[in-house]
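A short worksheet on the structure shown next.
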2 protein chains.
Amino acid sequence: MHHTSNTLKLKHLGIDTQQEYFVYMRSDCHICISEGFEALTRLEVTVKGRTIIATLNVLRSDLLQAGEASLSESAWKVLQAEESDTIIFGHLEPVRSMSHVRAKMYGNRLDEEAFMDIISDVSEGKYSNVELAAFITACASNNFNATEIVGLTKAMVAIGAKLDWEQKIVVDKHCVGGLPGNRTTPIVVSIIAAAGLTIPKTSSRAITSPAGTADTMETMAPVDLSLEEIRRVVGQEGGCIVWGGAVKLSPADDILIKIEKALDIDSTGQMIASVLSKKIAAGSTHVVIDIPVGKTAKVRSQEEAKKLEFCFRTVGRKIGLAIKVLITDGSQPVGRGIGPALEALDVLAVLRQEKNFPKDLAERATLIAGSILEIAGKASTGEGQAKALEYLNAGVAWKKFKAICAAQGGFREPKAGRLQYEVKAPTKGRIVEIDNRRLAKVAKLSGAPSRLGAGVLLHSKTGQFLKKGDPMFTIFAETPGELSYSIVYLEKEFNEIIRLG
Amino acid sequence: MHHTSNTLKLKHLGIDTQQEYFVYMRSDCHICISEGFEALTRLEVTVKGRTIIATLNVLRSDLLQAGEASLSESAWKVLQAEESDTIIFGHLEPVRSMSHVRAKMYGNRLDEEAFMDIISDVSEGKYSNVELAAFITACASNNFNATEIVGLTKAMVAIGAKLDWEQKIVVDKHCVGGLPGNRTTPIVVSIIAAAGLTIPKTSSRAITSPAGTADTMETMAPVDLSLEEIRRVVGQEGGCIVWGGAVKLSPADDILIKIEKALDIDSTGQMIASVLSKKIAAGSTHVVIDIPVGKTAKVRSQEEAKKLEFCFRTVGRKIGLAIKVLITDGSQPVGRGIGPALEALDVLAVLRQEKNFPKDLAERATLIAGSILEIAGKASTGEGQAKALEYLNAGVAWKKFKAICAAQGGFREPKAGRLQYEVKAPTKGRIVEIDNRRLAKVAKLSGAPSRLGAGVLLHSKTGQFLKKGDPMFTIFAETPGELSYSIVYLEKEFNEIIRLG
């Protein structure tokens, strides 16, 4: 349907709608009128030979003149559009793979080929947010079996980039998350690489948390590496700590995960496929999974954790990954800092063996590193953690960390935010409970993760006795507005954040 | 969290995002930064004491100045916002009823109370499109049983407005749809009201079709009546033909239906709840449901129709509605016109008994009217259609229709579009098949339903023999652009629209 009446001129408006592509037209535009715009209309749009599918929004003002159209920022970028480019509109043939999604909605099983169709279309941006939500929901139920998780995992691997290390054993770790702080990864990678193993670690940025491993690592070294650079760093040092989003190991997963967050669901099937597809794409053979369990962590009971462990192991076996699951304490944050730079300072304190380093973080990191040494055959069962601790105490882990940072583009010291607000105990008492979620919110309101120095520094942990006026934690910020924003929330929720008994 | 730093000034931008509310902020705005905008952030926004939930979009241009924010058209309207009003931002407490939706995702049953919570939040605009899609998907599977359909139906009735006629028998009709033309409603209502029964008919406007009954009726009389006016018209004439959307008999359904269309699914449970809740809210006791079956109709097989009939009757029994289902021929359009005015001209030809009136439309309308007369006890079984035909032939149906139009605000003659394009048979042959969906698309491209005179007028039906050059159908339009737009599509799809054998 390429008719001259189907073209308009582009004007930049700068509307950022996140990942879903939007196209803007005047309400009196003939294309708009013929397509109809009552039912979340989707259109095929072409600029300079590149074609995407976009959702129509209508402008009832003079932001656009007659004959003009605009695109949301993500669409503008992917089409490499420029001011005054010609934009061509075509009818949308319905996204074919949505028929599989509908079949799943009605309770049918999907095979590997169906997942391949869906994941391929998702990765090309053909699904609207509404369609993505339908796919995620249809796969969320316990009507999604292990064979389907395997199919979804394989489809995610097939669509993305892949790394190959020509080694028999390549190790990795993953934490199911939900715990602020808990920044074990840089320590684990340093120990494991120092032990001579290969660990090509890709991590994510925060989506709804105050910091992801990639955000924290970025305060110490560049993390935005290409596949070629990752190959060089890992080839040279045995390990890396980089941002996975830059190399698109699982592009569809990056898209799906945002809708899952919006729906506040953690579908077991999607989560396992998401984690394991990235491990396979990174070339791993042996993986340790950490599942923290706690009332305000992601996994809230031992029973739930055991179920998850079973799923991970079943799917791992079917796709040829050796998996070891650790179920750990998720009742409170691990380490003291919450926020990119504050967590990085914890990591450095452990690696440099500074006085007063956070013991719980060192303990958790060596537990995970020990497990990896054991499954990779570098330590006998039960002796892994002691061996990991040796690498830490001897300073070789710190040396390896510096070498990895240098290879990634150079080490730098993280800096905590210049503005501080100390929160003192209002009465004497023992800390009975810390709410992970509310504390994370204080850190986010103070500016984390986009302000790298912002966040929360805990001075006390569960079980500790405090006198009235003892420091409980400090909020760090980079701007006064953000500091006051987090204080307002703090004052409202104070009794829920840290409970004194 | 009502802190002075949480306010901005409103500026009107006129971005129409349909029903989902959006709020626009500059990317460097501190509220934007603290809330984060990576994960389809939802915010509570308050203007002049009215509060809604809106999805955040970020502006990376100077459409907004520092300190300014904007709202999408639907949000602007519902908040009765004006230029420079103060807008206050608050944290969104998660929509509580989404926990029921998540429970349903995981395969649990929902009770009436859960549906009440969900439908109440949906009707208040608290659900984002992504959340609506999750709800619809979770309820689409065959894991949604009759008890749940009843719960959903009752919740929809409880939330909306209601009519009460203080009569033992109040009748209604509904067509499951998917067939262009097929505008039986104005004829059926006229016959039934003329027979002395009460039929308070509310109809919908087109969402993805070239015309809804409300669009067609609007070319002959006002349809945008208040509850009070409906009471007066029905009290006076026994029947009405009005737009249901104006009176909000089922406000949640109006919202859900747009997302269903976007997902291209017709969940049986949702559809039955949608139809029956509106009938109960309108005060009906006896309802005839027409299910046209055809390859390109909504219901494609007798088996599917039988299943649907069973569901309608089961749910109807549980909520106290007497239901009679008619399974009819849906292989081709009924009547000649497709588009608001063209369909209205068909309706008038039947009511006025004009020469060459469309026989199939008269036949279908009297079949339905006859069934209503039978279930309401106004005709013995098997004699309803003949009796309906008498009302039509005697001119009393036409008289009643004129009286209803007068009561609704005055009768007017519908006008077909001034531009016409006749499509002739390219060869001789018999019409083997007409594709309802493609023909509807030709009508929509020509401007229907927003251009009331636009659409398609069929000159021939399935089974008819044509000589080369005989007229097959005429496209009507109101603007040359729209006419050419539909001709381009027609030329591409010609052989698929009407097949000659």
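Quick notes
- Within the range B:65-115, considering residues that are assigned to a loop (DSSP other than H, G, I, E, B) and of a type in the set (Asp, Glu), the one modelled with the lowest pLDDT: B:93
- Enumerated helices (runs of 4 or more DSSP H) restricted to the range A:124-209, each holding at least 2 residues that are out of contact with any Asp or Glu (no Cβ under 6 Å at 6 or more places or on another chain), away from chain B (no Cβ under 14 Å) and more than 30 Å from residue A:455 (Cβ to Cβ): A:146-159
- Scan the range B:421-463 for residues that are in contact with a helix residue (DSSP H, G or I) (Cβ under 7 Å, 6 or more places away or on another chain), in a loop (DSSP other than H, G, I, E, B) and hydrophobic (A, V, I, L, M, F, W, C) and the total you get is 3.
- Counting only residues that are under 19 Å from residue B:117 (Cα atoms) and in contact with a Phe, Trp or Tyr (Cβ under 9 Å, 6 or more places away or on another chain), the range B:225-258 holds 2 of them.
- When residues of the range A:46-64 are limited to those that are more than 30 Å from the chain's Cα centre (by Cα) and touching a residue at least 40 places away in the same chain (Cβ under 8 Å), the one farthest from the other protein chains (Cβ to nearest Cβ): A:47
- Positions within the range B:375-401 being touching a helix residue (DSSP H, G or I) at 6+ places or on another chain (Cβ under 8 Å), outside any loop (DSSP other than H, G, I, E, B) and under 18 Å from residue B:238 (Cβ atoms), in sequence order: B:384, B:387, B:388, B:391, B:392, B:396, B:397, B:398, B:399, B:400, B:401
- Once the range B:244-270 is narrowed to residues that are within 14 Å of chain A (Cβ to nearest Cβ) and among the hydrophobic types (A, V, I, L, M, F, W, C), the residue that is nearest to the chain's Cα centre (by Cα) is B:257.
- Screening residue A:83 against (1) surrounded by 14 or more Cβ atoms within 10 Å (Cβ to Cβ); (2) touching a residue at least 24 places away in the same chain (Cβ under 8 Å); (3) of a type outside the set (Gly, Ala, Ser); (4) more than 11 Å from chain B (Cβ to nearest Cβ) leaves a single unmet condition, (1).
- Taken across the range B:2-15, residues that are modelled with pLDDT of 90 or more, part of a strand (DSSP E or B), crowded, with 19+ Cβ neighbours inside 10 Å and at the interface with another protein chain (Cβ under 7 Å from one of its Cβ atoms) do occur, with at least one present.
- Residue count for the range A:226-243, restricted to those that are under 17 Å from residue A:213 (Cβ atoms) and not in a helix (DSSP H, G or I): 5.
- Condition check for residue A:246: more than 23 Å from residue A:436 (Cβ to Cβ), at pLDDT below 90, among the small types (Gly, Ala, Ser) and surrounded by fewer than 24 Cβ atoms within 10 Å (Cβ to Cβ): yes
- Residue, surrounded by the fewest Cβ atoms within 10 Å (Cβ to Cβ), within the range A:332-380, restricted to residues that are closer than 24 Å to residue A:286 by Cα and free of Cβ contacts under 8 Å to residues at least 40 places away in the same chain: A:380
- Test: residue B:359 is under 22 Å from residue B:237 (Cβ atoms), among the charged types (D, E, K, R), over 23 Å from the mean Cα position of the chain (by Cα) and at pLDDT 95 or above: no
- Matching residues, the range B:21-45, being modelled with pLDDT of 90 or more and facing chain A (nearest Cβ under 9 Å): B:22, B:24
- Scanning the range A:482-501 for residues that are facing another protein chain (nearest Cβ under 7 Å) and either buried (at least 18 other Cβ atoms within 10 Å of the Cβ) or acidic (Asp, Glu) (or both) yields a count of 4.
- Qualifying residue in the range A:142-156 (condition: touching a residue at least 40 places away in the same chain (Cβ under 8 Å), of a type in the set (Val, Ile, Thr), buried (at least 24 other Cβ atoms within 10 Å of the Cβ) and in the same structural domain as residue A:310 (by TED's automatic domain parsing)): no
- The range A:253-267, residues that are modelled with pLDDT under 90 and either of a type outside the set (Val, Ile, Thr) or outside any helix (DSSP H, G or I) (or both): A:253, A:254, A:258, A:260, A:261, A:262, A:263, A:264, A:265, A:266, A:267
- Residue A:301 more than 15 Å from the chain's Cα centre (by Cα) and surrounded by 19 or more Cβ atoms within 10 Å (Cβ to Cβ): no
- Matching residues in the range A:453-481 - criterion: being surrounded by fewer than 18 Cβ atoms within 10 Å (Cβ to Cβ), touching a residue at least 60 places away in the same chain (Cβ under 8 Å) and either farther than 22 Å from residue A:359 by Cα or polar (S, T, N, Q) (or both): A:462, A:480
The values are calculated or read from the model by the stated rules, or taken from the named source; none is laboratory data. These figures come from a predicted structure and were not determined experimentally. Heads up, the Cβs are rebuilt from the backbone with ideal geometry, glycines too, and the neighbour counts pull from every protein chain shown.
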